Amino acid sequence: MKKNNYDKSINIIDEVFTNAINHGIFHLSTEDDFLDGRTITINGQKLLNFGSCSYLGLELDKDVIESSINATRKYGTQFSSSRAYLSLGLYKQLEELFRNIFKTPVVIAPTTTLAHSSAIPVVVGDNDAVILDFHVHASVQDAVSKLYKRGIPVELIRHNNLDELENKIKELGAKYNKVWYMTDGVNSMYGDLVPIHELVALTNKYSQLYLYIDDAHGMSWTGLNGSGYVYSQIEPHPKIIVTTSLAKGFGIAGGGIISSPDAEVIRKIRTCGTSLIFSGPMGPYALGAAIGSAQIHLSDKIKVLQTNLQESISYTNKLLKEYALPLVAETQSPIFFVGMSSLKAGYNMDRRLLHEGIYANIGLFPGVPMRRTGIRFTNTLHHTKADIKALVEAMAHHFPKVLEEEGLTVRQIYQAFDIIGNGVEEVAEKNSSPTKNFTIQHERSIRAFEKKEWDNIPLDNCPFDWEGLAQIENAFSGNTLPEENWEFHYYVVRDANNKPVIATYFTVAITKDDMFDKEGVSIQVDKKRESENYYLTSKTFIMGNLMSVGNHLFIDRKNPEWKKLLKELMNEVLAEKEKQQVTAVYLRDFDLADSELREFFMEHDFIKIELPDNHVLDHFEWNTPEEYLMTLKSDDRNKIRKSVLKNTDCFEVEYVTNPSAERVKHYFELYKNIKNKNKEINIFGFPEKLFRTIAASYGWDIIELNLKPEHTNNNEKVLVAVGFCYRSKYYYTCILGMDYAYMDYEIYRQMLYRVILRTKELGLNKVVLGMTASIEKQRFGAKPQPAVAYVLLDDTYNRKVIETMSGRE
């Protein structure tokens, strides 16, 4: 059964995070009896803590703690009442303090996530549209998911891409009352800053544009009274809503603020926001602590704290530059991200830092795009300059060692993050790979290989041999439509003795993004494609091709260096991906139980997705049709007798060679009947040229199922189904076409039965029946074979995961 989008996305996140847990990176716990903000203890080891977002160290400020204790003593551990009914008086005091900090009306929510959940559905009207920055925080995306049910259009754009934003504003502004752009003030991973002045200029240029900015990581460390990054750059703006968090630089557990100069907007959120009606309030301890911190923000002390932190930030930037570490974004924010590119390199560096007594965060998918893994660390006022120097020197010491172990160069890392500089060319040269004891042959046509050479490579589960691939190359070239023209890439990795260790091939093709989605989704998306042909489509790099199922990757696992060579092959594939500018790489169809490959691919930034089951019949020990039937389950055997064998005499079965051009056109129409009806795997249809090629080529059986004249309305024989079956040295594989007007004769089952009999007649020991119609194929004795793909997606394709996790289909 096909999983829905949400299930698949959850499984992807589960795979990634479980992998991190198994590497000892995630789900850790401190073991300290008390905390000083500077160090933590994990697994018995005392570590410098560079993972905290309490930038000003206010969580340990004596005045803040005392204010929290006093409130708890006065009011207890909770005040359990919906704010729609009654609020603790501390709320009124705190909101007044925040009005002085922000110079705007405000409303306070228990958390920033609940603030978004309250504000966004209220401020976005039914005739509005939303544009999300690709990197906007997950809590904003989650709140936006409520809008999909109201039919509000939501678009995503690349991070801080103002040209793309302006184009979307023009497009949506012509149709909708307001266009909301939602983004972060300070990116929580990379630490880069929102281009707020340019965005304000766009709000002035386009009357429909409104901004919703989550400034959670900008709070406290900058701005007048610690009002945050956005308000450090601009005055409150009537078309801009700013939200922020009290759980970062402000130093409080929980609390989210919604700020706008429009008092009516704040009133409406306060009155109608669901989490302000139905969720519990902040506890007295948190309100008391927030009051204590707000009072510091309104005092001269905040300026001293901000100045001290800026000195640490400048010092950190200076050291990172001196040591030529690949800092992704140099800003004055307290968040730093040193790029490592590959997930395995990130794990390697993180483990080394732990060994050196340093705790930092690893930034990985889905928090950052694939192949943009890195080490994320922060500055807080708990750190000394000696601490910061220890961190940077440790990273600089281990950085070349990690690159050497993982087969990376600095140049590759800079290219992954689109950054240049800091002497990258010279450093990359020093980290160049050693002399290779292998070769990789990369060809664009199967004809570059000798037929005997290719066919002797034991690609046991690959359905097409040299001859079949040559025919497919011919069929998918020179066609009118882009999706009917494929490019082919063949790879053979040989050891020092010229012996093949790894072999495979890839196809570059335009595919539908909903290829493996639910049928209902594909039906809806295909309706949109009737007017917009390439809606939600991508150029992809696929192992094998879209006609084939089976394992297309040969690996000689007896070779002790096969993993190293597979990594080299992946580097070649990814280089070709960049050259071809494709958005996704699919490695398929692998055994679900192959944990060795699973671990390898996931550590190299691929994510696992489960595919529909392939169906294979491989027990041909029988000699007669009756003996075959006896191999089936009783219920299935009876079903086939009643639905297939009773109609056998109604058909003439012909094995056709050299059909006429008119006959081939008829075949093509029958194929299109199935293609247009079947959305289980939603791909573009194959071109008519494929069927002309099959008709003229060696290796294909064309099996016609003709209804006899006595069973037709016009007393003439009628072609009701056709099978195009390729005979490789390993097995039989088929493409079918049918006339649905004759389904009363069970022509689909009849065709499956004839294909199985033909497989036996040819002396083959396996027939591959493909991935769809699982129940029917299992009835004929085919075994479902669970398979997985390992996928690498770029920023464009990553958007779909975000949309799905947010509830959008």
> If we only count helices (runs of 4 or more DSSP H) wholly inside the stretch 72-175, which ones have 3 or more residues that are without any contact (Cβ under 8 Å) to a residue 24 or more places away in the chain and open to solvent by 10 Å² or more (accessible area, probe 1.4 Å)?
Replying inline: 89-102, 162-173
> In the stretch 507-549, what residues are surrounded by fewer than 19 Cβ atoms within 10 Å (Cβ to Cβ), among the small types (Gly, Ala, Ser) and at pLDDT 85 or above?
Replying inline: SER531
> Among the residues of the stretch 640-666, which ones are open to solvent by less than 50 Å² (accessible area, probe 1.4 Å) and in a strand (DSSP E or B)?
Replying inline: PHE651, VAL653, VAL656
> So which residues in the stretch 233-263 are closer than 15 Å to VAL122 by Cα and of a type in the set (S, T, N, Q)?
Replying inline: THR243, SER259, SER260
> Looking at (1) closer than 30 Å to ASP418 by Cα; (2) among the aliphatic types (A, V, I, L, M); (3) touching a residue at least 24 places away in the same chain (Cβ under 8 Å); (4) open to solvent by 10 Å² or more (accessible area, probe 1.4 Å), which is the one condition that is false for ALA575?
Replying inline: (3)
> Counting only residues that are assigned to a helix (DSSP H, G or I) and small (Gly, Ala, Ser), how many does the stretch 452-494 have?
Replying inline: 3
>> Restricting to the stretch 393-416, give me the number of residues that are over 31 Å from the mean Cα position of the chain (by Cα) and aliphatic (A, V, I, L, M).
In response: 1
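Please work out if GLY254 is outside any strand (DSSP E or B), under 20 Å from THR112 (Cα atoms) and open to solvent by less than 10 Å² (accessible area, probe 1.4 Å).
Details: outside any strand (DSSP E or B): yes; under 20 Å from THR112 (Cα atoms): yes; open to solvent by less than 10 Å² (accessible area, probe 1.4 Å): no.
Spelling it out, it is not the case that GLY254 is outside any strand (DSSP E or B), under 20 Å from THR112 (Cα atoms) and open to solvent by less than 10 Å² (accessible area, probe 1.4 Å).
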>> One residue is enough: does the stretch 464-477 have a residue meeting the conditions touching a residue at least 24 places away in the same chain (Cβ under 8 Å), closer than 14 Å to LEU553 by Cα and more than 29 Å from the chain's Cα centre (by Cα)?
In response: yes
> Taking the stated definitions as given, is LYS777 open to solvent by 20 Å² or more (accessible area, probe 1.4 Å), in a helix (DSSP H, G or I) and at pLDDT 90 or above?
Replying inline: no
>> Restricting to the stretch 181-204, name every residue that is more than 27 Å from VAL338 (Cα to Cα) and open to solvent by less than 10 Å² (accessible area, probe 1.4 Å).
In response: TYR181, LEU199, THR203
> Given the structure, is GLU393 in contact with a helix residue (DSSP H, G or I) (Cβ under 9 Å, 6 or more places away or on another chain), among the acidic types (Asp, Glu), under 30 Å from LYS321 (Cα atoms) and modelled with pLDDT of 95 or more?
Replying inline: yes
>> Step by step: first the residues of the stretch 704-730, then only those that are assigned to a loop (DSSP other than H, G, I, E, B) and within 26 Å of MET743 (Cα to Cα), then the one that is least open to solvent (accessible area, probe 1.4 Å). Which residue is that?
In response: THR712
> Assuming ASP589 fulfils every condition listed in (1) part of a strand (DSSP E or B); (2) surrounded by fewer than 18 Cβ atoms within 10 Å (Cβ to Cβ); (3) charged (D, E, K, R) apart from one, which condition is it?
Replying inline: (2)
>> Just to be sure I understand the filter: pairs with C-beta atoms under 7 Å, separated by 6 or more residues or on different chains, first member in the stretch 221-235 and within 18 Å of ALA247 (Cβ to Cβ), second member of a type in the set (S, T, N, Q) and surrounded by 24 or more Cβ atoms within 10 Å (Cβ to Cβ). Which pairs pass?
In response: GLY226/SER220; GLY228/THR222; GLY228/THR244; TYR229/THR222
>> I'm trying to understand the selection: among the residues of the stretch 343-399, which are open to solvent by 10 Å² or more (accessible area, probe 1.4 Å), β-branched (Val, Ile, Thr) and over 24 Å from THR222 (Cα atoms)?
In response: ILE362
>> Given the condition over 39 Å from the mean Cα position of the chain (by Cα), part of a strand (DSSP E or B), closer than 23 Å to MET771 by Cβ and not hydrophobic (A, V, I, L, M, F, W, C), answer yes or no: does some residue in the stretch 687-703 qualify?
In response: yes
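Here's the yes/no breakdown for (1) among the hydrophobic types (A, V, I, L, M, F, W, C); (2) assigned to a loop (DSSP other than H, G, I, E, B):
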residue: ASP514; (1), (2): no, yes
residue: GLN524; (1), (2): no, no
residue: LYS528; (1), (2): no, no
residue: LEU546; (1), (2): yes, yes
residue: HIS552; (1), (2): no, yes
>> Report every pair of residues separated by at least 6 positions or lying on different chains whose Cβ atoms are under 6 Å apart, first residue within the stretch 600-625 and open to solvent by 50 Å² or more (accessible area, probe 1.4 Å), second among the charged types (D, E, K, R) and outside any strand (DSSP E or B).
In response: ASP618/LYS766
> Checking ALA696 against (1) over 27 Å from PHE780 (Cα atoms); (2) in contact with a Ser or Thr (Cβ under 6 Å, 6 or more places away or on another chain), which test does it fail?
Replying inline: (2)
> Here are LEU752, LEU769: which of them is touching a His at 6+ places or on another chain (Cβ under 9 Å), crowded, with 22+ Cβ neighbours inside 10 Å and of a type outside the set (S, T, N, Q)?
Replying inline: LEU769
> ASN676 is checked against (1) touching a residue at least 24 places away in the same chain (Cβ under 8 Å); (2) of a type in the set (S, T, N, Q); (3) in a helix (DSSP H, G or I) and fails just one. What number does that condition carry?
Replying inline: (1)
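Restricting to the stretch 25-40, name every residue that is of a type outside the set (Phe, Trp, Tyr) and open to solvent by 30 Å² or more (accessible area, probe 1.4 Å).
Of everything in the stretch 25-40, those that are of a type outside the set (Phe, Trp, Tyr) and open to solvent by 30 Å² or more (accessible area, probe 1.4 Å) turn out to be HIS27, LEU28, SER29, THR30, GLU31, ASP32, ASP33, LEU35, ASP36, ARG38.
Test THR409 against the criterion of being of a type in the set (Ser, Thr, Tyr), open to solvent by 70 Å² or more (accessible area, probe 1.4 Å) and at pLDDT below 90, and give yes or no.
No.
The values are calculated or read from the model by the stated rules, or taken from the named source; none is laboratory data. None of the values given here were measured: they were computed from a predicted structure. Backbone-built Cβ (ideal geometry, glycine too); neighbour counts: all protein chains shown. Each accessible area value is taken on the protein alone, full model and side chains, heavy atoms only, with ligands, DNA and RNA left out. Shrake-Rupley method; radii C 1.70, N 1.55, O 1.52, S 1.80 Å.
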